[in-house]
Structure formats: structure tokens, C-alpha cells
1. For the range 34-100, restrict the atom set to alpha-carbon positions and state the Rg and Dmax in Å.
2. I'd like the accessible area for HIS164: 1.4 Å probe, protein heavy atoms, all chains in place, Å² to the nearest 10.
3. Work through the residues other than ALA154 whose Cβ is under 13 Å from its Cβ and net out their charges, Lys, Arg +1 and Asp, Glu -1.
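The values are calculated or read from the model by the stated rules, or taken from the named source; none is laboratory data. Source: prediction; values computed, not measured. With ideal geometry, Cβ positions are generated from the backbone for all residues, glycine too; neighbour counts draw on all protein chains shown. Ligands, DNA and RNA are stripped out before the accessible areas are found, and what is left, the full protein with its side chains, is counted by its heavy atoms. Shrake-Rupley method; radii C 1.70, N 1.55, O 1.52, S 1.80 Å.
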Amino acid sequence: TVELDNLKLALGFEGHLLDESGQNNNCYGAIKIPQTISKFPFDDDENDYGGNPSLPTLTGTRTIVSGKVNNAFSFDGSSYITFNKESNYDFERTTYFTITYWKKQPTNAANAGIISKRTSVTGNGWGIHTDTSGFETLSLTNTNSTNELVVRYAVDTADDVWHHFAWI
């Protein structure tokens, strides 16, 4: 069982530095500004309340439980949500992105997926899951095993306590 609360995905775009009046008065440089693509509060439904909402479809069952922020969803291990605007989630390792969420996991559920956009379980794309050591893992894959970026939060968080994750 994995409980999720307040899942957000933002992709960055380049903007220019502005002064307090909103003008580019002798301000030099550029910044990366995140644009919210999806926001899933998981309070009472699986709807996307982000900047370009998708209409998700729930497969299996989920239970609404008390979350870190209002309510959360508890997934039973075989349930998942599919998004109809999946092209919204196209990005790779050179794209500025942010993914944040609260997660509570009572026991180690090795390879428990959180969110992913892949061609197959080991295929190209990206995903966040709990690895076999219980570590939260982000992977961005262009060619499996030869062109892959993997980042792990090397602490076992399967302790039945809410943990906040921010992948930037």
C-alpha cells in the first residue's frame, strides 16, 4: 500500500529577469520559471487541477484516507491512474522540471511506482518508484542501461510516516 497526497508536476520555461515594476531595467540574465502542468490534490477525486488539466481514469481501487494536507489516496498496489493528455508529460533529462508529492508507505513495496511516462517497464521515458532497497528513485532513460540518469534518495522511507519529495 502506498498513500499519495498533493502530487504536482511543473515544467520550466525561460523567462527574463524583471525589476520590482515588472520592467527589464538594467536586469541581465534569464531564469527558469516553472509552469504547473498537473496538480492532483487527491482530496476526494483523481482530477487534475493544474494549468493544462488532463482527464484521468482510475483503474482498480483506491481508498480516501487522512493525508498530510487534507485527504490522500491509498493505492492497493495494483491500482493506477491513466492520463489522457499524456503528451503533457513529455520531457527528458535536459528539460527543467519539478515533481513534488507527499508519500506515506507502511512497508517496503519494492518497485512501487509513483508516476511514470515510459514506453514499457524498462523502456525509454521517465519514472519515480521505490527501488528494491526501499529508496525513492527517479530515472530518466533514453536508451535503457546505456543512456540513463538515476537519482536515489538513499533513505528507506517505508516507515509509515509522511515524507515530502521534491525532484528538481
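1. 13.0, 36
2. 100
3. -2
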